[in-house]
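Here the structure comes first, spelled out in structure tokens, and everything after it is commentary.
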Amino acid sequence: MSLSLLLASGSPQRRQLLTAAGYAFEIIVPHESVECGICSTGGPAALVSELALKKAANVASQLQKAHSKQPSLLIACDTVAECDGSILGKPQNEEHAQAMLHLLRGRTHRVYSGLCVWPYQVKDSEASPETRIVSTQLRMDNVSDDKLDEYLASNLWQGKAGAFGYQDRVGWLHIEQGSESNVIGLPMELLDEMLTPWKNQLSKSKNQDGT
């Protein structure tokens, strides 16, 4: 049985990571309402786990409404930063981004991702959704206001948890422990591990099979 791989995200960073790893996949974006009403009292790990599962469930619901019968693996991920007990999602505007970066400046913080793999229309008694969590520890230099203002003016912070993108190579963010791809938005090492039982059933991308 051949399985399709579906990425439940509109994130260009996640798309680029999957493409670079050689996966063939399609994209279905969860509804924005999925993130409404989520309470973070359980901490960052519980938050990203719940959101990843909700994103996957939303896309599964979309497929059901479309009467899709194609066996698929849905991949959903949610990522936040955390510093001194404050959970930092995507900034709402430049002022919000500035406040986040000032909080992170000169400090160690963590980036958490919840990753969900949801088998859809897979005829297997053990094919149930699985959600796992990974975190990475980072340190931000004591960056000057001028450098932070320059980064804010670039708008590279938009759509990124914690108001920064490690992939932007700014020079003042350093990974101390953990996965770089997790910080970018999709923990590829964990994803490869979670997809292992299905690897022989997934289609290969063109750059892998030579077609």
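Since Leu138 meets every condition but one in (1) of a type outside the set (S, T, N, Q); (2) in a strand (DSSP E or B); (3) touching a residue at least 60 places away in the same chain (Cβ under 8 Å), which condition does it not meet?
Tallying (1) of a type outside the set (S, T, N, Q); (2) in a strand (DSSP E or B); (3) touching a residue at least 60 places away in the same chain (Cβ under 8 Å), Leu138 fails exactly one: (3).
Do you know which of the residues in the stretch 21-42 that are loosely packed, with under 12 Cβ neighbours inside 10 Å and not polar (S, T, N, Q) is modelled with the highest pLDDT?
Applying the filter and picking the extreme gives Glu26.
Under 7 Å by Cβ, and 6 or more places apart or on different chains, what pairs join a residue from the stretch 1-23 that is within 19 Å of Ser72 (Cα to Cα) with one that is of a type outside the set (A, V, I, L, M, F, W, C) and part of a helix (DSSP H, G or I)?
From the stretch 1-23, the pairs are Met1/Gln201; Ser2/Gln201; Leu3/Gln201; Leu7/Arg14; Leu7/Arg15; Ala8/Lys55; Gly22/Asn207; Gly22/Gln208.
Look at the stretch 131-150 and say how many of its residues are out of contact with any helix residue (DSSP H, G or I) (no Cβ under 8 Å at 6 or more places or on another chain) and closer than 17 Å to Glu180 by Cβ.
2
Only residues in the stretch 148-174 that are more than 16 Å from Ile184 (Cβ to Cβ) count as the first member; pair them with residues that are assigned to a helix (DSSP H, G or I) and at pLDDT below 90, Cβ under 9 angstrom, at least 6 apart or cross-chain, and list the lot.
Short answer, once both residue conditions are applied: Tyr151/Asp168; Ser154/Asp168.
Just to verify a result, which residue in the stretch 52-82, among those that are β-branched (Val, Ile, Thr) and under 13 Å from Glu35 (Cβ atoms), is farthest from the chain's Cα centre (by Cα)?
Val80
Looking at Gln92, is it closer than 13 Å to Ala161 by Cα, surrounded by fewer than 18 Cβ atoms within 10 Å (Cβ to Cβ) and either among the aromatic types (Phe, Trp, Tyr) or more than 15 Å from the chain's Cα centre (by Cα) (or both)?
So Gln92 passes the test.
Considering the stretch 43-52 alone, what residues qualify as being surrounded by fewer than 20 Cβ atoms within 10 Å (Cβ to Cβ) and within 18 Å of Trp118 (Cβ to Cβ)?
Across the stretch 43-52, the qualifying residue is only Glu50.
Filtering the stretch 1-20 down to residues that are farther than 24 Å from Gln167 by Cα and surrounded by fewer than 19 Cβ atoms within 10 Å (Cβ to Cβ), which residue is nearest to the chain's Cα centre (by Cα)?
So, considering only residues that are farther than 24 Å from Gln167 by Cα and surrounded by fewer than 19 Cβ atoms within 10 Å (Cβ to Cβ), the one nearest to the chain's Cα centre (by Cα) is Ser4.
Would you check if Asp84 is buried (at least 23 other Cβ atoms within 10 Å of the Cβ), among the acidic types (Asp, Glu) and without any contact (Cβ under 8 Å) to a residue 60 or more places away in the chain?
No.
Does Val122 satisfy being part of a loop (DSSP other than H, G, I, E, B), among the aliphatic types (A, V, I, L, M) and either in contact (Cβ under 8 Å) with a residue 40 or more places away in the chain or surrounded by fewer than 15 Cβ atoms within 10 Å (Cβ to Cβ) (or both)?
Yes: the conditions hold for Val122.
Among what's in the stretch 97-119 and is of a type in the set (A, V, I, L, M) and closer than 28 Å to Leu5 by Cβ, pick the residue that is surrounded by the fewest Cβ atoms within 10 Å (Cβ to Cβ).
Val117
What residue, among those in the stretch 168-178 that are over 18 Å from Ser135 (Cβ atoms) and surrounded by 15 or more Cβ atoms within 10 Å (Cβ to Cβ), is modelled with the lowest pLDDT?
Val170
Can you pull out every residue in the stretch 51-81 that is part of a loop (DSSP other than H, G, I, E, B) and in contact with a Pro (Cβ under 9 Å, 6 or more places away or on another chain)?
Residue satisfying the conditions is Pro71 alone.
The values are calculated or read from the model by the stated rules, or taken from the named source; none is laboratory data. Everything numeric here is computed off the predicted structure, so don't read it as measured data. Backbone-built Cβ (ideal geometry, glycine too); neighbour counts: all protein chains shown.
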